[in-house]
Amino acid sequence: MRRTITRPASVLGALAVAASLALTGCGRDSSSQAGPGSSNAIDDAKAKGTINVWAMGTEGEKLQSFVKDFESANPGAKVKVTAVPWEAAHDKISSAIAGGKTPDVSLIGTTWMGEFAKSGGLEPTPKGLVDQNAFYPGGWKSTVVGDTSYGVPWYVETRVLYYRTDLAKKAGWDHAPKTWDELQKFAADLKKAGVKYPVSLQPGQTGSWQSVLPFAWSNGAQVANAAGTDYTIDSPEMTEALDYYKSFFDKGYSQTRMLDPGELENGFAKGTYGSFISGPWHIGLVEDAGLTPDKYTVAPLPGKDSSPGTSFTGGGDLAVFKDAKNRDGAWKLVKWLSQPPTQQKWYETLKDLPAVKGAWQSGTLADDPQLQVFGSQLDKAEAPPAVPTWEQVAAVIDANVEKAVKGKMPPKEAVADMQQQASSIGTGL
């Protein structure tokens, strides 16, 4: 499974909290903060000089050879990619910003954008560099802190409903559920047809906010105000969504424990689990587990009253640092990586879904029905608020989702407590 960067591992989260505190304690002036506007425009001349790039995971391993086309088009430029392990990435970037010794450009996890922009370490996106309307809205939103964009979406991902079409047919369904009521009926019918767990959902713990918030967003809830200055978690819409989510566990439609690695894919192939919500990486995983494409498919998330519902979007952004030595070359590389043909080629290289909508209009992305479901869902997908404290608040949501699912706290109280803790933490803007 390819590592998703939307939610770092728990150890990385601990490093994130410690390092974010360190950002205000040394090195860069703590009064240097995110501000409105954009930086000076980049000219149309060819890039020159060395462009130092940090990239994580498989992206870091593949990018060096991939940028040869950029170097050929810009013979005076040399791109130097440093691969950074995800487990060390947040701490390394934080230390570099604090010490004023950053690369020119880096891949940034979407949930880190608010923190690093607030620290004053990132440069606002230059005027006219790209057209924000060319990107999926959720992806672009992940770069915006306050009212300023501090980068460009590089690749995106979202979550859709995977379900066993053969089991659904036995239960009387020839189509995917499109609404909340239909999803409940779908689960009930699969249960009657002998499927042990018709809908596998995450029962709390790390990352469960990514499962719960799509239901809340589909119900009209928002976790922060538009300016990002206040959390707005406590609402009737959020409570209703959590109550609905909890009902799948109460009725035995979903397992109440965290699954072991590989258990979901194998269980889906064996028919233990009739459906689940996940990203594009699971296409390969379920087929590796022995499930053939004629026995399952993907569909947009059910909405409260209509389809599609609102899903979660994550991925990776590209940002240029305030202390970049080759600002001009860095932004020109970012622009090149954002062009539809480049994004298509990057997908063929690594299977990262393009953040630019135009890249989906031809080739494999246009021809593959399953991929088109993800492309369609991306038109209605939300990113969490790009605020410095999101990782801390996400951990609060994770903990209270588990308490609600296990009956230790009523959904209304769980949501109210999320709000109380989030307000105490503050957004950091």
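Remarks
- Within segment 355-386, considering residues that are of a type in the set (Val, Ile, Thr) and either within 30 Å of Ala226 (Cβ to Cβ) or part of a loop (DSSP other than H, G, I, E, B) (or both), the one least open to solvent (accessible area, probe 1.4 Å): Val356
- Restricting Lys351, Lys345 to those that are in contact (Cβ under 8 Å) with a residue 40 or more places away in the chain and either open to solvent by less than 10 Å² (accessible area, probe 1.4 Å) or more than 30 Å from Asp44 (Cβ to Cβ) (or both) reduces the list to Lys351.
- Residue tally, condition surrounded by 17 or more Cβ atoms within 10 Å (Cβ to Cβ), more than 30 Å from Trp390 (Cβ to Cβ) and not hydroxyl-bearing (Ser, Thr, Tyr), over segment 194-207: 2
- Checking Val356, Val396, Val373 one by one, the residue that is of a type in the set (A, V, I, L, M), closer than 28 Å to Gly76 by Cα and within 21 Å of the chain's Cα centre (by Cα) is Val356 and no other.
- Which numbered condition Ala168 fails, given (1) out of contact with any Gly (no Cβ under 8 Å at 6 or more places or on another chain); (2) open to solvent by less than 30 Å² (accessible area, probe 1.4 Å); (3) not in a strand (DSSP E or B): (1)
- Selection count, segment 43-96, where residues are part of a loop (DSSP other than H, G, I, E, B) and open to solvent by 10 Å² or more (accessible area, probe 1.4 Å): 9
- Among the residues of segment 291-314, at least one is without any contact (Cβ under 8 Å) to a residue 60 or more places away in the chain, among the hydroxyl-bearing types (Ser, Thr, Tyr) and in a loop (DSSP other than H, G, I, E, B).
- Taken over segment 360-405, residues that are among the acidic types (Asp, Glu) and touching a strand residue (DSSP E or B) at 6+ places or on another chain (Cβ under 9 Å) amount to 1.
- Scanning segment 387-409 for residues that are surrounded by 23 or more Cβ atoms within 10 Å (Cβ to Cβ) and either in a strand (DSSP E or B) or among the aliphatic types (A, V, I, L, M) (or both), we see that the one that is modelled with the lowest pLDDT is Val387.
- Among the residues of segment 238-264, those identified as crowded, with 17+ Cβ neighbours inside 10 Å and in a helix (DSSP H, G or I) are Met238, Thr239, Glu240, Ala241, Leu242, Asp243, Tyr244, Tyr245, Lys246, Phe248, Phe249, Leu264.
- Residue tally, condition in a loop (DSSP other than H, G, I, E, B) and open to solvent by less than 30 Å² (accessible area, probe 1.4 Å), over segment 265-286: 4
- Test: residue in segment 112-124 that is among the basic types (Lys, Arg), crowded, with 24+ Cβ neighbours inside 10 Å and not in a strand (DSSP E or B): yes
- Close Cβ contacts (under 8 Å, 6 or more residues apart or on different chains) running from residues in segment 164-189 that are on the phi > 0 side of the Ramachandran plot to residues that are part of a helix (DSSP H, G or I) and at pLDDT 95 or above comprise Gly172/Asp189.
- Scanning segment 208-227 for residues that are open to solvent by 10 Å² or more (accessible area, probe 1.4 Å) and either touching an Asp or Glu at 6+ places or on another chain (Cβ under 7 Å) or outside any helix (DSSP H, G or I) (or both) yields Trp217, Asn219, Gly220, Gln222, Ala224, Asn225, Ala226, Ala227.
- Among the residues of segment 137-165, those that are hydroxyl-bearing (Ser, Thr, Tyr) and open to solvent by 10 Å² or more (accessible area, probe 1.4 Å) comprise Ser149, Tyr163, Thr165.
- Some residue of segment 325-337 being open to solvent by 40 Å² or more (accessible area, probe 1.4 Å), over 18 Å from Ala381 (Cβ atoms), touching a strand residue (DSSP E or B) at 6+ places or on another chain (Cβ under 7 Å) and in a helix (DSSP H, G or I): yes
- Qualifying residue in segment 368-386 (condition: among the aromatic types (Phe, Trp, Tyr), in contact with a helix residue (DSSP H, G or I) (Cβ under 8 Å, 6 or more places away or on another chain) and in contact (Cβ under 8 Å) with a residue 24 or more places away in the chain): no
The values are calculated or read from the model by the stated rules, or taken from the named source; none is laboratory data. Owing to the predicted nature of the structure, the values given are computational and were not obtained by experimental measurement. Cβ sites come from the backbone with ideal geometry, for glycine too, and all protein chains shown count toward neighbours. Side chains are part of the model used for accessible areas, which takes the heavy atoms of the whole protein and leaves out ligands, DNA and RNA. Shrake-Rupley method; radii C 1.70, N 1.55, O 1.52, S 1.80 Å.
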